[in-house]
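The block underneath contains the structure these notes are about, expressed in structure tokens.
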Amino acid sequence: MNTFKRRPVPTVQALRCGAVALASAGLLLLAGCGDKKEGAGATQTAAKVNDSEITVHQINYVLQQQRGLKPDQVDVAGRRALERLIDQELTLQKADAMKLDRDPRVVQQLEMARREIIARAYLEKLGEAVAKPTPDEIKKYYDEKPALFSQRRIYQLQELTIEAKPEQFAGLREKLGASKTIADFIEYLKAGDIRFAANQAVRAAEQLPLASLDAFARMKDGQAMVNQSPTGLQVIVLAGSRSQPVDEERARPVIEQFLANDRKRKLVEDELKRLRAEAKISYAGKFAEGAPPAAAGGDAAASETTVLPAVGASDTK
């Protein structure tokens, strides 16, 4: 039997110091600051709360988490961040006095957060080894995805989410294909007391599921797409669309980022498979019954897509 050693529980003060150290590291990367010594330059203390300090490092760490922050917004955002950090410090001091860091629920949450942060840091470190996509790879992806770029469209969609049993699917598909308009099909659902939810949306090509994009690109205005879902069927009618292409120059940075992220994702998947293959994993208790769930994939029928003839259009080819 393996013996597990219990890690010492970090105190609130230790966590506070760790957070400051992490924030400081982020600032060094962001601003290229050197070592700070007493009497050398401006103070790094932004505020004092009783006997504790809140530093500029901590404020900058908070600001780093705010995506798209404009230069003229930094000062106001920094002051707001400082006030939030003051409130946080006051509550931390009270929690420290009450020894809440020893509460079993808090200890468990701290340990789970620690595990998540360290595991994520390893995967992020792993992703740093991914090679940057080459210009040829970027061009190849642009040429292979006309629906995303050179033939990009904006789609006006009508969506129906229908609660149905598998034995009802064929009849619903047949009725949809025979309906002159989507309104006629909706009346059929109401008359049959079939539960459904309706929605309208305008989506650009890049906002659609990548796996279904080619099917959308082949659709004509008025045609309907039917997908099986865990609870029934999803009907998507292309009410209208307009062309809005993106040239290669504008698409290049987006493609580069996508390819890099995709490589990181595959690298992480391969690494997790390797780690599982090398490890000795055994399931216990109720989890030992049956095979573990598959890591990826699913019911093929659930993702099946069928494009039906146009609803309420004369062109039904």
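Summary table
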read-out: Checklist (1) in contact (Cβ under 8 Å) with a residue 60 or more places away in the chain; (2) of a type in the set (S, T, N, Q); (3) surrounded by fewer than 14 Cβ atoms within 10 Å (Cβ to Cβ); (4) within 21 Å of A205 (Cα to Cα) applied to T231, failing item; value: (4)
read-out: A183 vs. criteria closer than 29 Å to S243 by Cα and in a helix (DSSP H, G or I); value: yes
read-out: Residue check, K132 of a type in the set (K, R), part of a loop (DSSP other than H, G, I, E, B), exposed (fewer than 14 other Cβ atoms within 10 Å of the Cβ) and not assigned by TED's automatic domain parsing to the domain that holds P209; value: yes
read-out: Selection status of V107, among the β-branched types (V, I, T) and modelled with pLDDT under 95; value: no
read-out: Hits in the stretch 208-226 - residues which are of a type outside the set (D, E, K, R) and not in a loop (DSSP other than H, G, I, E, B); value: L210, A211, S212, L213, A215, F216, A217, A224, M225, V226
read-out: Residue ID - modelled with the highest pLDDT, chosen from residues in the stretch 267-314 that are within 30 Å of M225 (Cβ to Cβ) and of a type in the set (D, E, K, R); value: E269
read-out: Subset tally (residues that are hydrophobic (A, V, I, L, M, F, W, C) and surrounded by 13 or more Cβ atoms within 10 Å (Cβ to Cβ)) for the stretch 99-129; value: 6
read-out: Cβ pairs under 8 Å, 6+ apart, first in the stretch 177-191 and assigned by TED's automatic domain parsing to the domain that holds A164, second among the hydrophobic types (A, V, I, L, M, F, W, C) and assigned to a helix (DSSP H, G or I); value: S179/F185; F185/L176
read-out: Residue within the stretch 152-168 that is surrounded by 11 or more Cβ atoms within 10 Å (Cβ to Cβ) and closer than 30 Å to I54 by Cα present; value: no
read-out: The stretch 239-250 residues that are in the same structural domain as L148 (by TED's automatic domain parsing), paired with ones that are of a type in the set (S, T, N, Q) and part of a strand (DSSP E or B) (beta carbon under 6 Å, 6 or more apart); value: A239/Q156; A239/Q158; G240/Q156
read-out: Contacts under 7 angstrom Cβ, first residue in the stretch 41-66 being touching a residue at least 24 places away in the same chain (Cβ under 8 Å), partner of a type in the set (D, E), 6 or more apart; value: V49/E89; S52/E89; I54/E89
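A quick yes/no check of all residues on (1) more than 30 Å from I138 (Cβ to Cβ); (2) hydrophobic (A, V, I, L, M, F, W, C):
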| site | (1), (2) |
| --- | --- |
| I162 | yes, yes |
| Q168 | yes, no |
| E174 | yes, no |
| V226 | yes, yes |
| Q244 | no, no |
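The values are calculated or read from the model by the stated rules, or taken from the named source; none is laboratory data. Being a predicted model, the structure only gives us computed values, none of them experimental. Please note: Cβ atoms are built from the backbone with ideal geometry, for glycine as well, and neighbour counts cover all protein chains shown.
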